[in-house]
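Asks: Can you read through this structure? Questions will come right after.
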Amino acid sequence: MMIEDFGPRVVSVWNDLRTATRSLVERAWQSTAGGSGMPSPRSVPYDPRADRELSRLLAALDERASEAEPAADDGPSQRARRFADACANVLTQQTQSAEVFAQLIQRAHERKDYARVDALASMLAERLAPSEVCELARSNNVIVRALAHEALTQMPSPLLTALLRDPIDAAVARFALERQASEFASEEAQRALRQFEEFGSEDF
């Protein structure tokens, strides 16, 4: 694999990667050959800096993969696509970033990889704090927004109730509680909403 084949933007991002981050994506490339199958979870410490680096690399590779070129069995665009898939696999294994989840969900949806969209959606509540899922619920992307709202609706009512005190997340949390109260007849959600209406956020 010659990074130079992918163009100056990818080369620039690649050169800015730390050695540890390069090793992550190189191992993914070698073990999966850039395949699009869902990866197995990793049991390594979370590295937010690696997330940021790999997110930039993924964006650069996807941009290169989208470029038109003469038909070829294994041209630079095709190789960039496979390398991008390997990079996305690493991020899927490790990310705990709302921004990266949004990037991965949008990418999978654009490729009509609905199995991956579902898998990423199922990870939201596990990997992200409730406030970060609320952030995704305010996304400009309709798919990301819908999946985040669904994840919030599946969360325990006490977690959502705590968010009612937050001036930024209160509206999203209230909407999720209202869904729990109406769609699932949750008594906890109904009680939380009644108390919120009675006492407001300051005394809630």
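Asks: Mind checking which pairs have a first residue in region 1-26 that is within 10 Å of Leu57 (Cα to Cα) and a second that is open to solvent by 70 Å² or more (accessible area, probe 1.4 Å) and assigned to a helix (DSSP H, G or I), Cβ under 7 Å, 6 or more apart or different chains?
Replies: Cβ pairs passing all conditions: Arg9/Glu63; Val11/Glu4; Val13/Arg56.
Asks: Identify, by number, the condition in (1) in contact with a Phe, Trp or Tyr (Cβ under 7 Å, 6 or more places away or on another chain); (2) open to solvent by 20 Å² or more (accessible area, probe 1.4 Å) that Pro158 doesn't meet.
Replies: (1)
Asks: So in region 75-120, with the set limited to residues that are among the polar types (S, T, N, Q) and outside any helix (DSSP H, G or I), which one is surrounded by the fewest Cβ atoms within 10 Å (Cβ to Cβ)?
Replies: Just the residues of region 75-120 that are among the polar types (S, T, N, Q), to begin with: 77-78, 89, 92-97, 103, 106.
Applying the additional criterion that residues be outside any helix (DSSP H, G or I) yields 95-97.
Working: Thr95: 25, Gln96: 16, Ser97: 19.
Filtering first and then ranking leaves Gln96.
Asks: What residue, among those in region 121-169 that are hydrophobic (A, V, I, L, M, F, W, C) and in a loop (DSSP other than H, G, I, E, B), is farthest from the chain's Cα centre (by Cα)?
Replies: At the first step, the residues of region 121-169 found to be hydrophobic (A, V, I, L, M, F, W, C) are 121, 123-125, 128-129, 133-134, 136-137, 142-144, 146-148, 151-152, 155, 159-160, 162-164, 168.
Keeping just the survivors that are in a loop (DSSP other than H, G, I, E, B) gives 128-129, 155, 164, 168.
Numbers: Leu128: 9, Ala129: 13, Met155: 18, Leu164: 24, Ile168: 21 Å.
Restricting to residues being hydrophobic (A, V, I, L, M, F, W, C) and in a loop (DSSP other than H, G, I, E, B), the top hit is Leu164.
Asks: Another question about this same structure. Within region 136-153, is there a residue that is in contact with a Pro (Cβ under 8 Å, 6 or more places away or on another chain) and under 27 Å from Glu110 (Cα atoms)?
Replies: Taking region 136-153 and keeping what is in contact with a Pro (Cβ under 8 Å, 6 or more places away or on another chain), we get 152.
The next check asks that each one be under 27 Å from Glu110 (Cα atoms); those that pass are 152.
Checking region 136-153: at least one residue is in contact with a Pro (Cβ under 8 Å, 6 or more places away or on another chain) and under 27 Å from Glu110 (Cα atoms).
The values are calculated or read from the model by the stated rules, or taken from the named source; none is laboratory data. Since the structure is predicted, the reported quantities are computational estimates derived from the model, not experimental observations. Please note: Cβ atoms are built from the backbone with ideal geometry, for glycine as well, and neighbour counts cover all protein chains shown. With ligands, DNA and RNA removed, areas are computed over all heavy atoms of the protein, side chains included. Shrake-Rupley method; radii C 1.70, N 1.55, O 1.52, S 1.80 Å.
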